[in-house]
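The values are calculated or read from the model by the stated rules, or taken from the named source; none is laboratory data. Predicted model, so just to flag it, every value in this text is computed and none were measured. Backbone-built Cβ (ideal geometry, glycine too); neighbour counts: all protein chains shown.
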Amino acid sequence: MNPLKSYLLLIFIFGLILTSCKKIDVPSDTPVCIKKKIRKLLNEDCPSVKTVYQYNFQGQTVYAFNPKDCGADLSSEIVDNNCNNICWLGGISGNMVCNGDTFFKAATNERLIWQDN
């Protein structure tokens, strides 16, 4: 391959890498999977995540992915440190129970991790 073409291809690939890795401002102790999940949701046609909060719930750290107003009756997903789904809150049913507990009564130490501007 022509050296100039190789150079241009390298610049193109590097540019793609830089633009596809949106920097998100989160605390340094935020698990990698939570950061990846935020980036993934931001790349949706109608980015659905508005805020991410961290809580202590039933003896573990959990994260609440709260929706924007992109659609009717969207729900908040609650996940653990490994991004395993714990439950869904809200939605058309207005559910507030997660693993047998009313989430916002049992969850403690609320901490804003990320917010869309």
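With respect to Asn81, is the statement that it is modelled with pLDDT of 95 or more, touching a Ser or Thr at 6+ places or on another chain (Cβ under 8 Å) and polar (S, T, N, Q) true?
So Asn81 fits the description; yes.
Please go through segment 46-95 and pick out each residue that is among the charged types (D, E, K, R), in a strand (DSSP E or B) and without any contact (Cβ under 8 Å) to a residue 24 or more places away in the chain.
Within segment 46-95, the first condition is being among the charged types (D, E, K, R), and the residues that meet it are 50, 68-69, 73, 77, 80.
Right, trim to in a strand (DSSP E or B) and you get 50, 77, 80.
Glu77, Asp80, listed by residue number.
Here is a yes/no grid of residues against (1) at pLDDT 85 or above; (2) out of contact with any strand residue (DSSP E or B) (no Cβ under 7 Å at 6 or more places or on another chain):
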position: Ile17; (1), (2): no, yes
position: Cys21; (1), (2): no, yes
position: Ser28; (1), (2): yes, yes
position: Pro31; (1), (2): yes, yes
position: Asp45; (1), (2): no, yes
position: Gln60; (1), (2): yes, no
